[in-house]
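Below is one structure, written out as structure tokens; comments come after it.
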Amino acid sequence: MNWNEIVERQAKEYADHIESVKQSKEQLQADKQAVLSAAKCSEAELPASLKDMLQRNAEAWEKDYGMYGSKFKEMRVNHQRELNKFFEREALAQGLAKDQNAAKDKSKDKSAGR
């Protein structure tokens, strides 16, 4: 896989992640509105058990999709791992090329000395 393919795929994964964040946030808000409409009251008038449920839902969303959420961390770690592998392969390939060039130069030097 070349550099451009990696960048394009990772950019697409990031865009997909942003879209899933947006959709999950909208679903969280829709669920909250459904609870409020079912209870037929404002957020301030909700019973404690429903407030706790909404709070737990918001915390769970934050844990998964928030700024430092697990889904973003997982994606970031996978991307970094992939980039590390790419650069290690590049360094290995460059090292092999240098070794081959050095071997060719040594063989030229030996043949010129005869």
* **Angle between the chain longest axis and helix 48-65 axis [Cα atoms, degrees, rounded to 10]** => 10
* Solvent accessible area, Å² - Glu59, 1.4 Å probe, full protein context -> 100
* Structure fact -> With Cα coordinates, the longest principal axis of the chain makes an angle with the long axis of helix 3-39, in degrees rounded to 10, of 10
* Structure fact -> The size of the Cβ-based charge dipole (Lys, Arg +1; Asp, Glu -1) of segment 21-66 about the Cα centre, to the nearest 20 debye, is 80
* To do: Enter the accessible area of Val21 (Å², nearest 10), with the probe set to 1.4 Å and all protein chains included.
  => 30
* Taking a label point 7 Å from the Cα of Ile6 along the Cα→Cβ vector, which residues of segment 66-90 have an amide N closer than 12 Å to it? -> 79-90
* Could you tell me whether the chain comes out rounded, prolate or oblate from its Cα gyration tensor? Rule is a ≥ b ≥ c as square roots of the eigenvalues, rounded for a/c under 1.5, then prolate if a/b exceeds b/c, otherwise oblate. => prolate
* Going toward the positive end of the dipole of segment 35-80, with +1 on Lys and Arg Cβ and -1 on Asp and Glu Cβ, which of Ala58, Ala39, Met75 do you reach last? -> Met75
* Structure fact -> For Met53, Met67, Met75, the accessible-area ranking with a 1.4 Å probe, largest leading, is Met67, Met53, Met75
* Asked: In terms of the Cα gyration tensor, with a ≥ b ≥ c the square roots of its eigenvalues, is segment 21-66 rounded because a/c is under 1.5, prolate because a/b exceeds b/c, or oblate?
  -> oblate
* Any idea of Asp64's accessible area? Nearest 10 Å², probe 1.4 Å. -> 60
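The values are calculated or read from the model by the stated rules, or taken from the named source; none is laboratory data. Given the structure is predicted, the values throughout are model-derived calculations rather than measurements. Note: ideal-geometry Cβ built from the backbone for every residue, glycine included; neighbour counts use all protein chains shown. Accessible surface is based on the protein model in full, side chains and every heavy atom, while ligands, DNA and RNA are left aside. Shrake-Rupley method; radii C 1.70, N 1.55, O 1.52, S 1.80 Å.
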